[in-house]
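Below is one structure; the comments refer to it alone.
The values are calculated or read from the model by the stated rules, or taken from the named source; none is laboratory data. The shown structure was predicted, so the numbers you read here are calculated from the model rather than taken from an experiment. Neighbour counts run over all protein chains shown; Cβ positions are idealised from the backbone, glycine included.
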Amino acid sequence: MSNEVKNKTTNIINKLWNYGKPNKAALAGLRSSQSINSRQAVVVWPLLLEEMDRHDLSNDGKPNPEEIAIFTALRCFAIYQRGIDNRLLVSSSYDSELMNVLSHLRQDEQLQSALDRRIQTVLITSNIDSVINSLTRLVSILKAKGNGTPVDFAKLAQDLYDFQFRYGTMSGARRIALRWGRQYYWNNTKHNESKEK
């Protein structure tokens, strides 16, 4: 599978971050937008749409899978980055993928059952809008309760893109759900402790 969506998202995040001088208007627009169609999202359109190839743009005015995936990841980045001066983004690290980062937050027994319920909502549905709403809430929880661990939002964009398609006999939604479930439920802490003994 191609990493085109991931690469485009990385480029847009770099432009949003602008070498430590963030585009505050675009980040605020992303945080206040529910979708790429929102009026508040217009401020980020130049950054997003200039990264798209002509054949990737929607012809019917309805957002296509690539636009939806990239916009959602950018929105999550904007939510997570709010009020923080150093960039909380890492590229190409399995440990920094969103579900892995959430799995570390899951180790807090006070948060575990609430997180598990929200993760279940993500893992059982094949509806992209439901997944987007749940992921946005999870990123907000991670922002509030986490320790500022960097997250690979570009990989999230690629996952959301792949979620919307079929691969042979398996839907992308089920394939990505299984991948996310593995990342979230596999207890990395216990594995690392057993290696240290």
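Before moving on, here are some points about what is shown:
- Residue selected from region 142-186 under the condition of a type in the set (Val, Ile, Thr) and modelled with pLDDT of 75 or more, by the criterion nearest to Val131 (Cα to Cα): Ile176
- Apart from one condition, Thr189 fits all of (1) among the β-branched types (Val, Ile, Thr); (2) at pLDDT below 90; (3) within 24 Å of Ile68 (Cα to Cα); the exception is (3).
- For Thr121, the stated conditions hold: it is of a type outside the set (D, E, K, R) and in a helix (DSSP H, G or I).
- Only residues that are basic (Lys, Arg), assigned to a loop (DSSP other than H, G, I, E, B) and more than 20 Å from the chain's Cα centre (by Cα) were counted in region 48-86, giving 1.
- All conditions but one from (1) touching a residue at least 40 places away in the same chain (Cβ under 8 Å); (2) more than 20 Å from Ser32 (Cα to Cα); (3) charged (D, E, K, R) apply to Lys143; the one that does not is (2).
- Look at region 17-42: where a residue is crowded, with 17+ Cβ neighbours inside 10 Å and assigned to a helix (DSSP H, G or I) and a partner is modelled with pLDDT of 90 or more and of a type in the set (Lys, Arg), sitting 6+ places away or on another chain with Cβ atoms under 6 Å, you get Leu30/Arg75.
- Test: residue in region 100-115 that is at pLDDT 95 or above, under 30 Å from Gly20 (Cβ atoms) and among the β-branched types (Val, Ile, Thr): no
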